[in-house]
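The values are calculated or read from the model by the stated rules, or taken from the named source; none is laboratory data. Predicted, not measured: the structure shown is a model, and the values here were computed from it. No Cβ is skipped: glycine too gets one built from the backbone with ideal geometry, and neighbour counts run over all protein chains shown.
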Amino acid sequence: MKPNITSLCLYLLLTCLTFSGLAAVLPPGVMHVNGVPAPALKLANLDGKSYDLANSRGRWVFVHFWASWCGPCRREMPSIQRMTDMLADSGIEFVVVNTAETEDEVFTFLGIVAPDLMPLMDLDGQVTGEWQPRGLPATYLVDPDGRIRYQALGGREWEQQAYLDFLRRLRSE
């Protein structure tokens with residue numbers, strides 16, 4: 001009788017995961033979030049051009065908070081550069097937010113490790129505080145309705161196939 005109960009439990013678990021759209025799609029370190037509204041995100045980039053997350057409705061947005069003094073952030077930033085290059089035609093908008101550093105610090109750092117990324121500058125850290133990451137780096141995936149659906153805390157190698165496949169699948173959600 002035990003094998004039947006075990007098989008039934010396994011079947012029910014896999015069925016639930018399949019119907020929730022989560023079966024084998026979340027790569028390591030990416031967590032599902034229950035669609036809380038994304039906080040406001042209005043900042044200027046390193047060139048002074050304004051950005052407002054509210055204008056990105058209708059598409060997925062990868063929002064990444066980082067700082068150059070953060071060891072995991074330093075290791076992760078080249079991976080984010082490669083990932084954005086690989087997913088340039090994915091329809092996902094990529095936003096990297098520097099937290100409370102000067103423009104000179106950010107320019108110097110990115111010039112070495114990720115020269116094609118154009119960060120938003122949270123000079124006083126207030127926007128980062130509104131998003132309340134538990135630490136840096138922190139990544140949020142905001143759905144086309146402006147709700148946070150996924151979160152990843154800590155650094156990772158975003159150009160690995162599992163992450164690329166997951167991000168590409170977002171368009172079908």
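Condition first: surrounded by fewer than 18 Cβ atoms within 10 Å (Cβ to Cβ), among the hydrophobic types (A, V, I, L, M, F, W, C) and closer than 28 Å to SER172 by Cβ. Now tell me which residues in the stretch 60-97 satisfy that. Those that are surrounded by fewer than 18 Cβ atoms within 10 Å (Cβ to Cβ), among the hydrophobic types (A, V, I, L, M, F, W, C) and closer than 28 Å to SER172 by Cβ: MET86, ALA88. Being loosely packed, with under 12 Cβ neighbours inside 10 Å, over 14 Å from the mean Cα position of the chain (by Cα) and either modelled with pLDDT of 50 or more or acidic (Asp, Glu) (or both) holds for only one residue in ASN45, ASN55, and it is ASN55. Identify the residue in the stretch 144-173 that is among the hydrophobic types (A, V, I, L, M, F, W, C), within 13 Å of the chain's Cα centre (by Cα) and in a helix (DSSP H, G or I) and, among all such residues, is surrounded by the most Cβ atoms within 10 Å (Cβ to Cβ). Residue satisfying both the conditions and the ranking: LEU167. Quick check: anything in the stretch 95-104 among the hydrophobic types (A, V, I, L, M, F, W, C), in a strand (DSSP E or B) and free of Cβ contacts under 8 Å to residues at least 40 places away in the same chain? For the stretch 95-104, residues among the hydrophobic types (A, V, I, L, M, F, W, C), in a strand (DSSP E or B) and free of Cβ contacts under 8 Å to residues at least 40 places away in the same chain: present. Quick check on MET121: is it touching a residue at least 60 places away in the same chain (Cβ under 8 Å) and more than 23 Å from PRO27 (Cα to Cα)? So MET121 fits the description; yes. Scanning the stretch 17-32 for residues that are modelled with pLDDT of 80 or more, loosely packed, with under 13 Cβ neighbours inside 10 Å and touching a strand residue (DSSP E or B) at 6+ places or on another chain (Cβ under 7 Å) turns up just one, MET31.
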